[in-house]
Amino acid sequence: MTAILKTRDVHLSYAKQEALHGVNLDFDDHSITALIGPSGCGKSTFLRCLNRMNDLIPKTTVTGSFQFHGKDIYAPTTNLVELRKQIGMVFQQPNPFPFSVYENVTYGLKLAGHTNRHYLDEQVERSLKQAAVWDETKDALNKNAMSFSGGQQQRICIARLLAVQPDIILLDEPTSALDPISSAQIETTLLALKKTYCIIIVTHNLQQASRIADRTAFMLNGNLIEDDLTSKMFTKPANQATSDYLNGKFG
């Protein structure tokens, strides 16, 4: 496996309160990495460092090394619009824009200057198929995306992200607001997408991590406690705190 993104000694502070204490993690292409740990452990905070979403929070300081394709994503010359196109994010609550499915999926493409209708049509079909929501939307592309079910909305959001052809997909508890059937559909979609993308998912659902993740990283109180193959971590964790968390003793 080739690491597409390498992070070293990542610290993050809100004002004077440090929330991440020197995290080191690598992320491989064509794989799913799950970030697990109790609420407030820093997993979503760390995830948002990876495409600089924490830049939007006042008095936030991030230090450390973030090498994406060998380039520092925190360099002053980094184009944030381009970065967030390459490292896209799907949030906990489905957040389609309040217009048609077609307009949602083509939004980023049009921002990038694409106007050819044939090209846009092709990308809409490709993206919705990749997100496993084409069959439900192909005859309703002009329908408001917000009129679909929660699970369908989340897959439309994934399609919107896929349309701009990112390298990395970040997901912050993408199924926590969904019913079990919709969650299972998202998981199946992610397993298919990892053939093409690097996927990093924050999840509070340990069963979900064990089902879909190639690697799992356990965080506690802003520290990375353990990072290993999911199959190994869930059967023979190296750290007692990891074992206690996986066995439901806290969290």
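Computed from the coordinates by the stated procedures, all read-outs in this text should not be read as laboratory data. What you see is a predicted model; the values in this text were computed from it and never measured. All Cβ positions, glycine included, derive from the backbone under ideal geometry; neighbour counts span all protein chains shown.
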Item to check | Cα principal axis extents for segment 1-150, largest first, Å | outcome: 50, 33, 32
Next on the checklist: Give me a comma-separated list of calculated 3J(HN,Hα) values for segment 216-227, in order, Karplus coefficients 6.51, -1.76, 1.60 applied at θ = phi - 60°, integers in Hz, x for any Gly or Pro.
Outcome noted: 10, 10, 9, 10, 8, 6, x, 10, 7, 8, 7, 9
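Would segment 35-101 count as rounded, prolate or oblate if I go by the C-alpha gyration tensor, calling it rounded below 1.5 in a/c and otherwise prolate when a/b exceeds b/c, oblate otherwise?
Values: a/c = 1.84, a/b = 1.17, b/c = 1.57.
Here segment 35-101 falls in the oblate category.
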Next on the checklist: If I fit a long axis through the Cα atoms of helix 101-111 and take the longest principal axis of the Cα atoms of the chain, what angle between them do I get, 0 to 90°, rounded to 10?
Outcome noted: 80
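So what's the net charge close to Ala145: Lys and Arg +1, Asp and Glu -1, counting the other residues with Cβ under 9 Å from its Cβ? Write down the numbers at each step before the final one.
Values: positive: Lys143, Arg160; negative: Glu103.
Cβ neighbours under 9 Å give a net charge of +1.
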Checklist entry - Given the convex hull of the Cα atoms of segment 1-51, what is a quarter of its surface area in nm²? => result 3.9
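Of the cross-linked pairs Lys6/Lys59; Lys6/Lys71; Lys85/Lys194, which ones have a Cα-Cα span greater than 19 Å in the structure shown?
Those over the limit are Lys6/Lys59.
I need the per residue convex hull volume for the chain, using only the alpha carbons, in cubic angstrom as a whole number. Before the final figure, lay out the partial values.
On the way: hull volume 31.9 nm³, N = 251.
Taking the convex hull of the Cα positions in the chain, it is 127 Å³ per residue.
Could you tell me the relative contact order of the chain? Use alpha-carbon pairs under 8 Å, at least six residues apart, and round to a whole percent.
Working: 472 pairs, mean separation 70.0, N = 251.
It rounds to 28 percent for the chain.
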Checklist outcome for this item: Charge tally for neighbours of Glu103 with beta carbon under 12 Å away, counting Lys, Arg as +1 and Asp, Glu as -1, is +3
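Net charge around Asp228, counting only other residues with Cβ within less than 14 Å of its Cβ (Lys, Arg = +1; Asp, Glu = -1)?
Details: positive: Arg215, Lys232, Lys236; negative: Asp26, Asp28, Asp214, Glu226, Asp227.
For residues surrounding Asp228, the net value is -2.
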Checklist entry - How do Lys16, Lys129, Lys71 line up, fewest other C-beta atoms within 10 Å first? => result Lys16, Lys71, Lys129
Checklist entry - What aspartates and glutamates could a cross-link reach from Lys43, if we take a straight Cα to Cα line under 12 Å and drop same-chain neighbours fewer than 8 places away? => result Asp172, Glu173
Checklist entry - Pairing the Cα long axis of helix 117-130 with the longest principal axis of the chain, what angle in degrees results, from 0 to 90 and rounded to the nearest 10? => result 40
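Give, in whole angstrom and from largest to smallest, the semi-axes √(5λ) of the equivalent ellipsoid of segment 129-251, with λ running over the eigenvalues of the Cα gyration tensor.
Three semi-axes, in Å: 31, 15, 12.
Nearest-5 percent of antiparallel DSSP beta bridges in the chain? Provide the component values of the computation, followed by the final result.
Working: 26 of 44 bridges.
About 60 percent, rounded to the nearest 5.
Return the inverse of the average 1/r over all pairs of distinct C-alpha atoms in segment 84-163, which is the Kirkwood hydrodynamic radius, in Å to one decimal. It would help to have the intermediate numbers written out before the result.
Numbers: mean 1/r = 0.0815 Å⁻¹.
One decimal place: 12.3 Å for the Kirkwood radius.
Under 1.5 on a/c is rounded, so check that first for segment 116-197, then, if it is not, pick prolate when a/b is larger than b/c and oblate when it is not; a ≥ b ≥ c are the square roots of the alpha carbon gyration tensor eigenvalues.
Values: a/c = 1.97, a/b = 1.21, b/c = 1.63.
Judged from the Cα gyration tensor, segment 116-197 comes out oblate (a/c at least 1.5, b/c at or above a/b).
Given a cut-off of 17 Å, what percent of all Cα-Cα pairs of segment 170-230 lie beyond it?
Numbers: 705 of 1830 pairs.
Cα-Cα pairs in segment 170-230 separated by more than 17 Å: 39 percent.
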Checklist outcome for this item: The size of the Cβ-based charge dipole (Lys, Arg +1; Asp, Glu -1) of the chain about the Cα centre, to the nearest 20 debye, is 220
Checklist entry - Add -39500 (n - 2.57) for each DSSP H run of 4 or more in the chain, then divide by its residues: what number comes out at 222 nm, to the nearest 500 deg cm²/dmol? => result -10000 deg cm²/dmol
